[in-house]
1. Check every one of the helices (runs of 4 or more DSSP H) wholly within region 84-181 and list those with 1 or more residues that are under 27 Å from Asp340 (Cβ atoms) and within 16 Å of ligand 1 (Cβ to nearest atom).
2. Going residue by residue through region 76-89, is there one that turns out to be on the phi > 0 side of the Ramachandran plot and in contact with a Gly (Cβ under 6 Å, 6 or more places away or on another chain)?
3. Quickly run through region 207-221 and pick out the residues that are over 24 Å from Arg293 (Cβ atoms) and crowded, with 19+ Cβ neighbours inside 10 Å.
4. Every residue in region 182-192 that is assigned to a helix (DSSP H, G or I) and within 16 Å of ligand 2 (Cβ to nearest atom), please.
5. For residues that are in a helix (DSSP H, G or I) and under 12 Å from Phe238 (Cβ atoms), tally how many sit in region 197-208.
6. Report every pair of residues separated by at least 6 positions or lying on different chains whose Cβ atoms are under 9 Å apart, first residue within region 316-342 and more than 18 Å from Asp101 (Cβ to Cβ), second in a strand (DSSP E or B) and modelled with pLDDT under 85.
7. Pairs needed: first member in region 257-270, closer than 20 Å to Trp232 by Cα; second member anywhere, in a helix (DSSP H, G or I); C-beta distance under 7 Å; at least 6 residues apart or different chains.
8. Would you mind finding the one in Arg219, Arg280, Arg252, Arg241 that is part of a loop (DSSP other than H, G, I, E, B) and within 16 Å of ligand 2 (Cβ to nearest atom)?
Amino acid sequence: MDAEHASTTRGPVAVALGATVTRAPGATVLPATGAPAVSASGATVLTETGAPREGGLLDRFGRVATDLRVSVIDKCNLRCTYCMPADGMPWLPQSQLMSTDEIRRIVRVAVRSLGAEELRLTGGEPLVRKDLEFIIAGIREDNPDLPISMTTNAVGLDRRAQALKDAGLNRLNVSLDTLHPETFAELTRRPHLDKVLAGLQAARAAGLGPIKINAVLLRGVNDTEVVPLVDWAVTNGFEMRFIEDMPLDGDRSWTATNVIAASDIRAEIETAFALAPDPRGRGAAPAERWEVRRPGETAVAGHVGIISSVTEPFCAACTRTRVTADGKVRSCLFSHEETDLLSTLRAGADDDGIAQVWRDAMWAKPRAHGSDRVGLARPDFVQPERTMSAIGG
Ligand code: SAM
Ligand code: SF4
């Protein structure tokens with residue numbers, strides 16, 4: 001169920017911060033003393049924090065998280081400048097990483113107890129994990145109908161695409177910011193463009209589609225490649241997606257003035273293609289989607305998406321919940337708080353116990369950008385300690 005759906009089937013309840021949240025009819029808020037309170041049906045539904053004790057991952061603003069992102073590793077084989085520092089990144093020790101079985105258990109709780117409807121595996125670089133096929137096969141065995149996707153840089157994918165498909169992976173987002181080998185080497189600090197292209201070819205042959213291509217545009221580096229990237233993606237049957245550069249880089253050199261805004265990206269695409277809003281709409285998807293037509297043609301040649309987290313934030317419609325590779329729940333990419341799900345699991349909690357810790361974490365989800373105030377460009381915005389690769393984008 002998405003947030004939109006949820007609000008039509010539940011009654012609104014006014015809570016602190018002037019927000020409106022929704023909860024099941026008949027549910028009762030526990031009094032501030034923490035004394036137990038029961039609903040009309042006899043079930044205690046909300047804790048003293050206000051978090052539900054049953055059902056899905058509801059937050060104070062009425063959003064319901066159904067889109068699960070799990071990072072399987074913090075390490076990576078590239079060093080994209082907008083994401084990681086060139087060196088000196090502190091890696092998680094192996095003992096702190098979720099094991100194959102722990103990831104499987106956490107996904108099972110999310111799906112069976114908390115209503116997660118789709119899963120995206122991410123990192124760091126998920127392909128760096130040698131047991132990735134086992135992780136996916138285990139999740140697939142527990143959840144035969146769960147859509148499972150992965151965000152990857154595709155380095156090494158040529159050798160593993162078929163096995164990943166056989167394990168139960170459905171589709172891929174591949175990060176590729178440039179079609180020039182030299183620019184690729186400058187931007188990722190590794191000379192591996194040919195490996196990415198080989199990975200993409202293998203992914204398509206294995207049927208891991210539809211494939212989306214993620215690109216972050218950097219001023220003076222790859223910002224002249226908007227039209228060539230769209231042209232290349234459309235020609236090859238990929239959906240091109242441009243992501244505004246966010247303040248989650250390892251070098252801490254992000255500035256708002258350097259961000260190439262979604263409106264400028266759209267304008268640049270329109271110098272070579274006709275764009276029309278995708279009639280499928282956006283739903284809770286982070287990307288605003290457009291149909292792409294070549295000049296003078298009526299047939300849709302392909303689609304492009306633009307993720308405008310900085311200049312046109314979509315936090316009000318967010319349906320995401322994130323788990324880091326060390327098993328911490330982050331309710332928002334920009335959160336300063338994390339909740340340790342893995343320690344709860346390792347301490348022997350049952351599925352209900354793990355689910356409740358997760359509900360409590362999501363209830364506290366900030367309104368937007370890690371705060372109850374909106375705006376990445378605000379002077380009081382504080383970049384979270386973890387960088388994108390350590391969170392799981
Ligand atoms: N290594 C994989 C990859 O690159 O696809 C998965 C992890 S990566 C952190 C996930 C996505 O985050 C990638 O598409 C990447 O482009 C994006 N990303 C990383 N740092 C970013 C930043 N500072 N702003 C916007 N997107 C970023
Ligand atoms: Fe690695 Fe992905 Fe970050 Fe690039 S964006 S450094 S590929 S985790």
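The values are calculated or read from the model by the stated rules, or taken from the named source; none is laboratory data. In this text the structure is predicted, and so the values were computed from the model without any measurement. Positions of Cβ are backbone-derived with ideal geometry, glycine not excepted, and every protein chain shown enters the neighbour counts.
1. 100-112, 132-142
2. No.
3. Leu208, Val216, Leu218
4. The answer is Thr183, Phe184, Ala185, Glu186, Leu187, Thr188.
5. 5
6. So the pair list comes out as Ala316/Ala368; Cys318/Ala368; Cys332/Ala368; Cys332/Ser371; Phe334/Ala368; Phe334/Ser371; His336/Ser371.
7. Close Cβ pairs satisfying both conditions: Ile265/Val226; Glu268/Val226; Glu268/Val227; Ile269/Val226; Ile269/Val227; Ile269/Val230.
8. One residue alone meets the criteria, Arg252.
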